[in-house]
Amino acid sequence: MKGYAGKILRVDLSNGRSSAEEIPDGMKRDFLGGRGFAVKLLWDEVKHVDPLSEKNKIIFSTGPLTGQSLPSSGKMVIASKSPLTGGYGDGNIGTMAAVYLRKAGYDVLVVEGKSEKPCYLLIEDEKVRIMDGSELWGKNTFEAQDLLERKHGRNSGVLLIGPAGENQICFSVVMSQKGRAGGRPGLGAVMGSKNLKAVVVKGTGSIPNFDDEKLKEFGKKGYEEIKGKESYDFWVRQGTMQVFDWCNENTCLPTLNFKEGVFEHSKQLDGYVLEKTKIDRKGCPLCNMQCGNIVNDSSNHPSELDYENVGMLGPNIGMRSLPEVALLNRMADEWGLDTISLGNTIGFLMEASEKKLIPEKIGWGDFERAQKLLVDIGKGEGLGKLVSRGVRKASETLGKGSHRWAMHVKGLEISAYDCHACPGMALSFGTSPIGGSHKDAWVISWEISTDRLSYSKEKVQKLIEFQRIRGGFFECATVCRLPWVEVSFGLHWYPEYLEAVTGSRMGWEDFYKIGDRVYNLIRAYWKREIPPFGRPWDYPPDRWFEEPLSQGKMEGVKLDRQKFDQMLSWYYELRGWDQNGIPTKETLDHLGLGEASKEMIG
Amino acid sequence: MAELKFLGYLAEVVGARTKNLVLDKPTPLRKILPPSFPEENVIILIDKKVGSFDSLIEDGNSIVIMPVLSGG
């Protein structure tokens, strides 16, 4: 099949061997690429292992649209068994490593085993070497990126971890290009557990496409369409930071560990403040709507901001100054910590202090203490040790009812949308295939535009539609969803792009089926790896059901557990899962996953 | 007086983030917006309830008009 480099590169760090193997056509047809390839490989090869042991594997996976001359295609999915959740974990990242991996002749890189000493992997087309990484170990992600670029040239793609990944902090991420991050569920820690500091990729080949002329023409039209959108200029100015004002207006801005949905100091942090202080912008390869806004932080160093990190390191921990938030964000990037989980864990500790459950005094918005906590978390020392495995484990250790306001689903901390008054979005967090992530189905905008406080079946149907498009298609074709979701770039382009690339005509029904196959296999993976897994894993935190909002337009509102339960039941029914949330044999058979049925339940 | 608030790029379209209007009689929202105002992918809330461009606006209403966003 055209459009693929066609090979999986495998590297075993335990014995230093590498090999390349063909990707079967059936795998391309059934799983498309990216997340699809990743879950297929994890299902087949990573069973009942400790996520931080050498038996775990980390997968860097691209899709047929990755690196192509079309909007925002410089993406890669990184996946592994998660040390944070114990289940399936992945995240996408914009990086030149995605583009060069394909040019080097590989769609997927699988790294397994463990190096005896710190190392990094150097891929130069067919030449694959495990390099001494002792010089890099201990360096932050910015310093290490500079060192590697000096050594191997700027025409290389670099994926790397910071000290937090080396220390196996369970929400450390993989970083690239000083600001791009991916793999929220602790995939930085997986690299750290293998003594793998970085992956450097250089590729000089090209991808064999079905019709390059057509792709070039359609790609150009796509870029032009995006630039012509009415919302484009504003997007270029504020990017995702326009969501800040939007969330505050709609009472869903995460505030003080998700107690509230509005922040009284929001005007000191919003997209208009960002515009005034912005010094540059940057983004992923092949993108003409870059979302990285650079500001100078309070120590006068550049920091790349977007909504999620400002939401979680701003109002969620009571911070009132954008340059100070920017400094926390830069430190998180240097340490290689996920900013969403970081904002959750610091918020958790601040609330624990407020409730006098810990002796340390850490007030909301205490900038000095927040910086110190960040360093302690990166090192896994002091209070940082308590939260280094996420808020779920921290609440199990702390006890005293703290699980009620440990803001996670399945162990992954919730991203920056308060859901006291957004039942559909709460279900989206509940049913995300990696835990408390918004990226698969940001249904909140749709629900606010229709009947916000309803618990309807229509809302559940819309949520599944979003999961199929965002979590299914975009993650498997492995291109960025933002052109579609942020400036309304036409979805009709994607079947055209895939046809030009592969030569096969596929429609959205086909993509939905692939998405369903991927979702079901991920669900089966959770069940196989965590045998008691089921319905209780799909609920958002108690806080949203028990403590109503006390401020803003939605004052007095909280989630209704009984009605949420009904939505969850509809969700299972529509997915073809039983009422414990487990895919039925019929559903798996229909998707060609019959073999998974037996193995899932052991 | 009716209070209108515009979020995101829609504030650029009307040239203001807020507007206060005195209305003699109930007026369809569409008539008090510029002709070029986009009608797709827009959320309209009138006194916290979902409205439309055909909704009648009168003094005392609080209207928020915002784009459909995705949140990254």
(message) List the helices (runs of 4 or more DSSP H) inside region A:292-403, counting only whole elements, that have at least 1 residues being small (Gly, Ala, Ser) and surrounded by fewer than 24 Cβ atoms within 10 Å (Cβ to Cβ).
(response) A:339-354, A:383-387, A:390-398
(message) Criterion first (hydroxyl-bearing (Ser, Thr, Tyr), within 22 Å of A:Met425 (Cα to Cα) and not in a strand (DSSP E or B)) does B:Ser36 satisfy it?
(response) no
(message) Restricting to region A:467-482, give me the number of residues that are small (Gly, Ala, Ser) and either open to solvent by 10 Å² or more (accessible area, probe 1.4 Å) or more than 14 Å from chain B (Cβ to nearest Cβ) (or both).
(response) 2
(message) Could you list, ordered by first residue, the pairs with Cβ atoms under 9 Å in which the first is in region A:449-469 and more than 29 Å from B:Ile63 (Cβ to Cβ) and the second is open to solvent by 30 Å² or more (accessible area, probe 1.4 Å) and in a loop (DSSP other than H, G, I, E, B), at least 6 apart or interchain?
(response) A:Ile469/A:Leu491
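What about A:Lys439, is it at the interface with another protein chain (Cβ under 10 Å from one of its Cβ atoms) and touching a residue at least 24 places away in the same chain (Cβ under 8 Å)? Walk me through how you get there before you give the answer.
Values: at the interface with another protein chain (Cβ under 10 Å from one of its Cβ atoms): yes; touching a residue at least 24 places away in the same chain (Cβ under 8 Å): yes.
Criteria met by A:Lys439.
For the condition among the aliphatic types (A, V, I, L, M) and without any contact (Cβ under 8 Å) to a residue 24 or more places away in the chain, what is the one hit in A:Leu147, A:Leu121, A:Leu136?
Numbers: A:Leu121 fails: without any contact (Cβ under 8 Å) to a residue 24 or more places away in the chain; A:Leu136 fails: without any contact (Cβ under 8 Å) to a residue 24 or more places away in the chain.
So the residue among A:Leu147, A:Leu121, A:Leu136 that is among the aliphatic types (A, V, I, L, M) and without any contact (Cβ under 8 Å) to a residue 24 or more places away in the chain is A:Leu147.
If you check A:Lys276, A:Lys282, which single one turns out to be touching a residue at least 24 places away in the same chain (Cβ under 8 Å) and more than 14 Å from every other protein chain (Cβ to nearest Cβ)? Before you say what the answer is, go through the steps one by one.
Values: A:Lys276 fails: touching a residue at least 24 places away in the same chain (Cβ under 8 Å).
Exactly one of A:Lys276, A:Lys282 is touching a residue at least 24 places away in the same chain (Cβ under 8 Å) and more than 14 Å from every other protein chain (Cβ to nearest Cβ), namely A:Lys282.
Table: residues versus (1) basic (Lys, Arg); (2) open to solvent by less than 60 Å² (accessible area, probe 1.4 Å); (3) outside any helix (DSSP H, G or I); (4) at pLDDT below 95.
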site	(1), (2), (3), (4)
A:Lys216	yes, no, no, no
A:Lys221	yes, no, no, no
A:Glu224	no, no, no, no
A:Cys247	no, yes, no, no
A:Glu264	no, no, yes, no
A:Asp280	no, no, yes, no
(request) Return a yes/no flag: does region B:3-10 have any residue that is over 22 Å from A:Ala421 (Cα atoms), within 13 Å of chain A (Cβ to nearest Cβ) and part of a helix (DSSP H, G or I). (result) yes
(request) Test A:Arg528 against the stated conditions and say whether it is touching an Asp or Glu at 6+ places or on another chain (Cβ under 7 Å) and either open to solvent by 10 Å² or more (accessible area, probe 1.4 Å) or of a type in the set (D, E, K, R) (or both). (result) yes
(message) One residue is enough: does region A:42-55 have a residue meeting the conditions surrounded by 20 or more Cβ atoms within 10 Å (Cβ to Cβ), at pLDDT 95 or above, under 28 Å from A:Gly507 (Cα atoms) and in contact with a Pro (Cβ under 7 Å, 6 or more places away or on another chain)?
(response) no
(request) Please work out which one of (1) in a loop (DSSP other than H, G, I, E, B); (2) open to solvent by 40 Å² or more (accessible area, probe 1.4 Å); (3) over 24 Å from A:Arg392 (Cα atoms) is the condition A:Gly490 fails and give its number. (result) (2)
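Could you count how many residues in region B:14-72 are hydroxyl-bearing (Ser, Thr, Tyr) and either touching a residue at least 40 places away in the same chain (Cβ under 8 Å) or away from chain A (no Cβ under 11 Å) (or both)? Outline the logic, then answer.
The first filter runs over region B:14-72 and keeps only residues hydroxyl-bearing (Ser, Thr, Tyr), leaving B:18, B:27, B:36, B:52, B:55, B:62, B:70.
With either touching a residue at least 40 places away in the same chain (Cβ under 8 Å) or away from chain A (no Cβ under 11 Å) (or both) added as a condition, the list becomes B:18, B:27, B:55, B:62.
So the count comes out to 4.
Just checking, which of A:Ile169, A:Ile130, A:Ile207 is in a strand (DSSP E or B), among the hydrophobic types (A, V, I, L, M, F, W, C) and touching a residue at least 12 places away in the same chain (Cβ under 8 Å)? Even if it seems obvious, please write down each step before you answer.
Working: A:Ile169 fails: in a strand (DSSP E or B); A:Ile207 fails: in a strand (DSSP E or B).
On inspection, the qualifying residue turns out to be A:Ile130.
The values are calculated or read from the model by the stated rules, or taken from the named source; none is laboratory data. On a predicted model such as this, the values are computed, not experimentally measured, just so you know. Cβ atoms come from the backbone with ideal geometry, glycine included; neighbour counts cover every protein chain shown. Just so you know, the surface numbers come from the protein's heavy atoms only, side chains and all, with ligands and any DNA or RNA stripped out. Shrake-Rupley method; radii C 1.70, N 1.55, O 1.52, S 1.80 Å.
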